[in-house]
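Participant: Attaching a single structure in structure tokens format; questions to follow.
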Amino acid sequence: MGPTLRAWLLAVVHVVAVQSLTNSTSSFSFSGVPSSAVSPTNTSTGTTASSSSSFSTVTSVTTTSTTPASVATETGPLTWPISEYPFTPFPTPTFAPIPPIFPETDPLNPPPVSSDFNVVPDFAPAWATAYEKAKSMIANFTIEQKVNITTGVGWMNGLCVGNIPSVAEFPGLCLQDSPLGVRFTDLVTTFPAGVTTASTWNRALIRARGLALGQEFHAKGVNIALGPMMNMGRVAQGGRNWEGFGADPFLTGEAAYETILGLQQAGVQATAKHYINNEQEWKRTQESSNVDDRTEHEIYAHPFLRSVMAGVSSVMCSYNLVNDTYACNNYKILSDILKREFGFQGYVMSDWAATMNTLSAVAGLDMTMAGDITLGSGTTYFGANLTAYVMNNTISEARLDDMATRIIAAWYYMHQDQGYPNVTIDSFHPYNPLNYEVNAQSDHYQLVRQIGAAGTVLLKNEMNALPLNKPRSVVLVGSDAAPPVSGPNEYSDQGGDPTGILALGWGSGTTNFTYLVSPYEAIQARARQDQTSVFWDFDNWNLDQAGNSVITAEVAIVFINSDSGEETGKTLTAWHEGDELVLAVAAQNNNTIVVVNSVGPLIIEPWVDHPNVTAIVWASLGGNEAGNAIVDILYGAWNPSGRLPYTIAKNASDYSAQLVLGGTATDILSIDYTEGLYIDYRWFDAQNITPRYEFGYGLSYTTFEYSQLVVTPVDASVDSAQAELIQNWENGGTSPIEEGSSTALWLHMPLFQVTFNVENTGPVYGGEIPQLYVHHPPSAGEPPSVLKGFTDIELVPGQTGQASITISRYDLSVWDVVRQGWAKPNGTIGFSIGASSRDFRLDGTFPL
Ligand code: BGC
């Protein structure tokens, strides 16, 4: 594996010197909104509150927002408690931080990476300072000026995919995709996709990617990066799952946390998206995700909670409805869960044209993007409409102040008032030289290659097929081994049938490639070094030819892929007759290695057990160094340490949730989350369904043994307010209903430290990913095993190292729907330490 990860990281994680930019054409102009748009027709308040003083009584109602109607609440003033939040995390006013557990943290200086959560960063003081500055900035703003801070200039009316105009001394904002790099421009890095990054299960690499991404957005003058994406992969066929971090809330939450800390360290605002239940891209604007409160809290909202704990600046609400109310118009999820319970102090922006009415501002929406009602319409629900609603008192000016304050506060919070670079991208004019004025790439290719390798999962390896050792001859079969026929950007937003290596999916979650290394090129370079004969056949459609091409080869490597992207579902089979291609090659060569570049799980039953298929390399989506990363795995330069972030099933029907198709052009599809907490491995475990490869699984070129499990209560002194809450929890009480109650320190500070030894018992240096699964008592009604910790450890042969994972009260709690708080379940809480969700090596219980 070469130098250790730590040394390598030290070498590559450094801040890109920000270039001083001249000749910027960055300018924002706000195109006014016709006053005829003042009375939007698609309206619904979506929520109702029976009391203005207690949030616990706020409930979602089932009025769909598609009913064109004159909604009674639009005619009179609304008095929901919009601006009562104290903006301090509960219950810190009485709590003196105990270093090092709860250090005051500036987002530009986050705590170091650790799987021992001995540090819970406290961003509250940074927010407080930013709020003061923002309030003073808007003090003399007119209503129109404040409204302009909240209203995007409209689709394709600026340099970025989203633009807030300059207002007085506020210079405006540039919002730009994507979660894996800067979209729509040149001289940027295409990082491995979210799902590949999550497959590393390596916090240091995830953080390093966040930082490198942030440095590129910063260098290009982007204020707000539109990522990370943290939808959950509830449905294996979800078209955008690859942008996210897999099918488990804990893994997704940790990946989101590290990505945000890294991105914001570079001075760029991160956006947690898409909030919430945007779990199937098919008909995403016309589906209601119907989710119970417990499932919402424990599964889908969890990564957003971790985002708030990472100090995220913004959250993007999604296109879909949640329990029959549009997400961007949903008081329960925007104001009650996100702003009250999680104590989120940044701002909520809409997904592009996901704002459904002006009163969304009351539900908790702070910024409408891209600004227009439908992209390019020139109308807006904010702009003149919002001004009119505030002027006639339908919406309070206090709420407008809150919206503008949140947006400007996030800008101060990220210190973007201090010499931020000019925008040097032009999203809609690719030939504008502005796009190559700044080269943002630095040496990030090294990190791309490393994450590509670390995010590759070795699923099968028989007869020591891998790593390759100077083979006499290698034949590469399949178009996925090749460079794309018409170059790496043959389709806009990668939106077409890939003709070569699949290194990312399609849609807004992409970048243009500055360059792309295919396996063909990378293996050729390696072959020269080893003096290996290399042949290839990139034609997937001539199976006889493919079979014949490998007859005398020492090694046949078949490359297959499967793609998906925005606004579609995905298939669970390989594209381009990939299964047939594998079988044709395996029929002729008894050392057939299959490399898979896939956006997510596939059914690989047709060939997985074929005796001639000696190895399977799950290479996911590697970004612009994809070919090099695959070579590093094939030849053992990187000992595989990736683990599956989802389950690979034997049958599509084994998964607990399927795509919901159908519906007419105007229907709202009902998607009932009837499986509740039982997504992915939680379902397979509970139903005793044997997967092909389970969540958390992955092989190495070495072996590891686990021993010496010790659980130690963490002795942390707390003040009396925290002590009371802890006592209450221990006695079976729930967390209180207050602002920030779900992100409170007492709930998240370490409670137990779990340590154990890991020994490298095999022949080569390598990294192991120990995973901690909690087994709740039957009274809790939880799935049999739920991931609540993981770490990574690298060892030379014969070496034993100690690994450590901490567990908080929150990690052990379940969401009590009746009492609306986090509670300790009754009974013994057990856990296992394992190498996957089904390979447990050590078992223990928590001494509660
Ligand atoms: C996507 C978002 C993206 C936005 C701006 C939307 O269609 O859902 O993820 O950030 O467009 O491009």
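Participant: Determine if the range 279-288 includes at least one residue that is in contact with a helix residue (DSSP H, G or I) (Cβ under 8 Å, 6 or more places away or on another chain) and farther than 22 Å from residue 177 by Cβ.
Facilitator: No: the range 279-288 contains no residue that is in contact with a helix residue (DSSP H, G or I) (Cβ under 8 Å, 6 or more places away or on another chain) and farther than 22 Å from residue 177 by Cβ.
Participant: Name the residues in the range 309-333 that are within 16 Å of the ligand (Cβ to nearest atom), crowded, with 24+ Cβ neighbours inside 10 Å and assigned to a loop (DSSP other than H, G, I, E, B), would you?
Facilitator: Passing the criteria: 312, 313, 318, 320.
Participant: Need the failing condition index for residue 348 against (1) surrounded by 24 or more Cβ atoms within 10 Å (Cβ to Cβ); (2) within 16 Å of the ligand (Cβ to nearest atom); (3) assigned to a loop (DSSP other than H, G, I, E, B); (4) of a type outside the set (Ser, Thr, Tyr), just the number.
Facilitator: Answer for residue 348: the failing condition is (3).
For every residue, the table says whether it meets (1) within 16 Å of the ligand (Cβ to nearest atom); (2) among the polar types (S, T, N, Q); (3) in contact (Cβ under 8 Å) with a residue 60 or more places away in the chain; (4) surrounded by fewer than 23 Cβ atoms within 10 Å (Cβ to Cβ).
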{"position": "408", "(1), (2), (3), (4)": "no, no, yes, no"}
{"position": "418", "(1), (2), (3), (4)": "no, yes, no, yes"}
{"position": "453", "(1), (2), (3), (4)": "no, no, yes, no"}
{"position": "457", "(1), (2), (3), (4)": "no, no, yes, no"}
{"position": "465", "(1), (2), (3), (4)": "no, no, yes, yes"}
{"position": "475", "(1), (2), (3), (4)": "no, no, yes, no"}
{"position": "496", "(1), (2), (3), (4)": "no, no, no, yes"}
{"position": "503", "(1), (2), (3), (4)": "no, no, yes, no"}
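Results for (1) under 14 Å from residue 206 (Cα atoms); (2) among the hydrophobic types (A, V, I, L, M, F, W, C); (3) crowded, with 24+ Cβ neighbours inside 10 Å, shown as yes or no for each residue.
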site	(1), (2), (3)
225	no, yes, yes
229	yes, yes, yes
234	no, no, yes
241	no, no, yes
244	yes, no, yes
253	yes, no, no
259	yes, no, yes
262	yes, no, yes
265	yes, no, no
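Participant: Take the residues in the range 509-534 that are of a type in the set (S, T, N, Q) and in contact with a helix residue (DSSP H, G or I) (Cβ under 7 Å, 6 or more places away or on another chain), then tell me which one is nearest to residue 566 (Cα to Cα).
Facilitator: Step by step, filter the range 509-534, then rank; the result is 510.
Participant: I need a count of the residues in the range 266-296 that are of a type outside the set (Phe, Trp, Tyr) and either assigned to a loop (DSSP other than H, G, I, E, B) or within 11 Å of the ligand (Cβ to nearest atom) (or both).
Facilitator: Of the residues in that region, 18 qualify.
Participant: Looking only at the range 232-259, which residues are hydrophobic (A, V, I, L, M, F, W, C) and part of a loop (DSSP other than H, G, I, E, B)?
Facilitator: Within the range 232-259, 232, 235, 236, 245, 247 meet the criteria.
Participant: Additional query: Identify, please: which residue in the range 267-300 is among the acidic types (Asp, Glu) and within 25 Å of residue 818 (Cα to Cα) and is, among those, surrounded by the most Cβ atoms within 10 Å (Cβ to Cβ)?
Facilitator: Looking at the filtered set, the residue picked out is 296.
Participant: Right, next: Any chance you could count how many residues in the range 232-265 are more than 16 Å from the ligand (Cβ to nearest atom) and more than 26 Å from residue 748 (Cβ to Cβ)?
Facilitator: Residues flagged as more than 16 Å from the ligand (Cβ to nearest atom) and more than 26 Å from residue 748 (Cβ to Cβ) within the range 232-265 amount to 3.
Participant: Based on this model, can you work out whether residue 706 counts as crowded, with 20+ Cβ neighbours inside 10 Å and either of a type in the set (Phe, Trp, Tyr) or within 27 Å of residue 620 (Cα to Cα) (or both)?
Facilitator: No: the conditions fail for residue 706.
Participant: Right, something else. Just one of the numbered conditions (1) in contact with a Phe, Trp or Tyr (Cβ under 6 Å, 6 or more places away or on another chain); (2) closer than 18 Å to residue 192 by Cβ; (3) of a type in the set (Gly, Ala, Ser); (4) within 16 Å of the ligand (Cβ to nearest atom) is not true of residue 569; which one?
Facilitator: Result: residue 569 fails condition (2) only.
Participant: Select, from 405, 374, 424, 368, the only residue that is under 28 Å from residue 125 (Cβ atoms), at pLDDT 95 or above and under 28 Å from the mean Cα position of the chain (by Cα).
Facilitator: Exactly one of 405, 374, 424, 368 is under 28 Å from residue 125 (Cβ atoms), at pLDDT 95 or above and under 28 Å from the mean Cα position of the chain (by Cα), namely 405.
Participant: Let me ask another. Given the options 133, 146, name the one that is charged (D, E, K, R) and either closer than 14 Å to residue 347 by Cβ or modelled with pLDDT under 95 (or both).
Facilitator: Of 133, 146, the one residue that is charged (D, E, K, R) and either closer than 14 Å to residue 347 by Cβ or modelled with pLDDT under 95 (or both) is 146.
Participant: Here's another thing I want to ask about it. Would you pick out the residues in the range 427-445 that are in a helix (DSSP H, G or I) and either over 22 Å from the mean Cα position of the chain (by Cα) or at positive phi (or both)?
Facilitator: Passing the criteria: 433, 434, 435, 436.
Participant: Taking the condition of being more than 16 Å from the ligand (Cβ to nearest atom), in contact (Cβ under 8 Å) with a residue 12 or more places away in the chain and of a type in the set (A, V, I, L, M), how many residues in the range 124-172 meet it?
Facilitator: 12
Participant: Could you list all residues from the range 406-416 that are in contact with a strand residue (DSSP E or B) (Cβ under 9 Å, 6 or more places away or on another chain) and either in a loop (DSSP other than H, G, I, E, B) or not aliphatic (A, V, I, L, M) (or both)?
Facilitator: 406, 411, 413, 414, 416
Participant: Only one of 628, 597, 624 is touching a residue at least 12 places away in the same chain (Cβ under 8 Å), away from the ligand (no atom under 16 Å from the Cβ), under 26 Å from residue 491 (Cβ atoms) and touching a Lys or Arg at 6+ places or on another chain (Cβ under 8 Å). Can you tell me which?
Facilitator: Just a single option satisfies the conditions, and that option is 628.
Participant: Go through (1) β-branched (Val, Ile, Thr); (2) in contact with a strand residue (DSSP E or B) (Cβ under 9 Å, 6 or more places away or on another chain); (3) closer than 18 Å to residue 422 by Cα and name the single condition residue 150 misses.
Facilitator: Evaluating residue 150 over (1) β-branched (Val, Ile, Thr); (2) in contact with a strand residue (DSSP E or B) (Cβ under 9 Å, 6 or more places away or on another chain); (3) closer than 18 Å to residue 422 by Cα leaves (3) as the failure.
Participant: Now, a different point. Name the pairs whose Cβ atoms lie under 9 Å apart, with the first residue in the range 437-449 and closer than 15 Å to residue 268 by Cβ and without any contact (Cβ under 8 Å) to a residue 24 or more places away in the chain, the second of a type in the set (Phe, Trp, Tyr) and assigned to a helix (DSSP H, G or I), and 6 or more positions between them or separate chains?
Facilitator: none
Participant: Okay, next question. Looking only at the range 720-745, which residues are among the hydrophobic types (A, V, I, L, M, F, W, C) and within 30 Å of residue 840 (Cα to Cα)?
Facilitator: 729
Participant: Just to check your reading of the model, which residue among 500, 455, 478 is at pLDDT 95 or above and within 24 Å of the chain's Cα centre (by Cα)?
Facilitator: None of the others qualify; the one that does is 455.
Yes/no per residue for (1) without any contact (Cβ under 8 Å) to a residue 12 or more places away in the chain; (2) under 29 Å from the mean Cα position of the chain (by Cα); (3) in a loop (DSSP other than H, G, I, E, B):
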{"site": "671", "(1), (2), (3)": "no, yes, no"}
{"site": "682", "(1), (2), (3)": "no, yes, no"}
{"site": "690", "(1), (2), (3)": "no, yes, yes"}
{"site": "712", "(1), (2), (3)": "no, no, no"}
{"site": "716", "(1), (2), (3)": "no, no, yes"}
{"site": "728", "(1), (2), (3)": "yes, no, no"}
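Participant: A follow-up question, please. Got a number for residues in the range 192-231 being within 16 Å of the ligand (Cβ to nearest atom) and part of a loop (DSSP other than H, G, I, E, B)?
Facilitator: 9
Participant: If I filter the range 160-170 for residues that are crowded, with 24+ Cβ neighbours inside 10 Å, in a loop (DSSP other than H, G, I, E, B) and not aromatic (Phe, Trp, Tyr), do I get at least one hit?
Facilitator: Checked the range 160-170: at least one residue is crowded, with 24+ Cβ neighbours inside 10 Å, in a loop (DSSP other than H, G, I, E, B) and not aromatic (Phe, Trp, Tyr).
Participant: Residues in the range 784-798 that are closer than 15 Å to residue 695 by Cα and out of contact with any His (no Cβ under 8 Å at 6 or more places or on another chain): how many?
Facilitator: 4
The values are calculated or read from the model by the stated rules, or taken from the named source; none is laboratory data. Keep in mind it's a predicted model, so treat the numbers as computed, not measured. Every residue, glycine as well, gets a Cβ built from its backbone with ideal geometry; the counts of neighbours run over all protein chains shown.
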